[in-house]
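Undergrad: Right, I'll just put the structure down here and ask away after.
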Amino acid sequence: MSKVDWKPGNMIYPLPALMVTVGDSPDNFNIITIAWTGTICSDPPMCYISVRKGRHSYSILKNTGEFVINLTTKDLAYATDWCGVRSGRKFDKFMRMKLTPGKSSVVKAPIIEESPINIECKVTQVIELGTHDMFMAEVVNVKADEKYINPKTGAFSLIASKPICYSHGHYFELGKVIGKFGYTVEKKKRKRPTSKKL
């Protein structure tokens, strides 16, 4: 087995392909597509997004200190890409992509109603890096689409919404389940021996 060296770069894939919404009033609502994102703490729940300073949403984020992470699906793949390659300075992305800006419960930034999960965030710190600045934030509320919630168990099935991810310039659907967290140490249930009939 042989390997070659490449110059240092971000090769941590796949990543979520997210539509992040910003703005504190309808006249400055915008959508930015983000892949540089992730979880940074569970208690309190915290996440981050990294944004280039030249992006239209950057100044809105700096001024409002709030954003919403909207998870994306197969049905939202076109809008996810389009909102990533078009600027909010020139386009009303909600209108052009026929997306519905909904009301958040805690922050002023809108949610995307068509998204299965909306994660409302308040910025706690901005770290200036190189090409991007990192916006660290606390999750202050989560909205979930009721159609993916099992009415009997209350469990949410994200996989039923057909989520997508981003890997090295391409979007992908998620594949089949190959395991679950902790399955390597999970104790297997022993089958009781059946009694033989005489």
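The values are calculated or read from the model by the stated rules, or taken from the named source; none is laboratory data. Note that the coordinates shown come from a computational prediction; the quantities given were computed from them, not determined experimentally. Every residue, glycine as well, gets a Cβ built from its backbone with ideal geometry; the counts of neighbours run over all protein chains shown.
Undergrad: Scan segment 98-109 for residues that are within 13 Å of residue 61 (Cα to Cα) and either crowded, with 20+ Cβ neighbours inside 10 Å or aliphatic (A, V, I, L, M) (or both) and jot them down.
TA: Of everything in segment 98-109, those that are within 13 Å of residue 61 (Cα to Cα) and either crowded, with 20+ Cβ neighbours inside 10 Å or aliphatic (A, V, I, L, M) (or both) turn out to be 107, 109.
Undergrad: Checking residue 86 against (1) at pLDDT 95 or above; (2) within 24 Å of residue 66 (Cβ to Cβ), which single condition isn't satisfied?
TA: If we test residue 86 against (1) at pLDDT 95 or above; (2) within 24 Å of residue 66 (Cβ to Cβ), just (1) comes out false.
Undergrad: Also, quick follow-up: So, residue 160, is that one of a type in the set (A, V, I, L, M, F, W, C), surrounded by fewer than 17 Cβ atoms within 10 Å (Cβ to Cβ) and in contact with a helix residue (DSSP H, G or I) (Cβ under 7 Å, 6 or more places away or on another chain) or not?
TA: Yes; evaluated as a whole, the condition is true for this residue.
Undergrad: I would also like to ask the following. Got a sec? Which strands (runs of 3 or more DSSP E) wholly within segment 10-72 have at least 2 residues that are at pLDDT 95 or above and surrounded by 17 or more Cβ atoms within 10 Å (Cβ to Cβ)?
TA: 18-22, 30-34, 45-52, 66-71
Undergrad: Same structure, new question: Which members of segment 121-157 meet the condition of being of a type outside the set (A, V, I, L, M), over 22 Å from residue 53 (Cα atoms) and either touching a Cys at 6+ places or on another chain (Cβ under 9 Å) or surrounded by 15 or more Cβ atoms within 10 Å (Cβ to Cβ) (or both)?
TA: 141, 143, 145, 148, 156
Undergrad: Here is a follow-up. Please go through (1) within 22 Å of residue 136 (Cβ to Cβ); (2) crowded, with 16+ Cβ neighbours inside 10 Å for residue 83 and return the number of the only condition it doesn't satisfy.
TA: Tallying (1) within 22 Å of residue 136 (Cβ to Cβ); (2) crowded, with 16+ Cβ neighbours inside 10 Å, residue 83 fails exactly one: (1).
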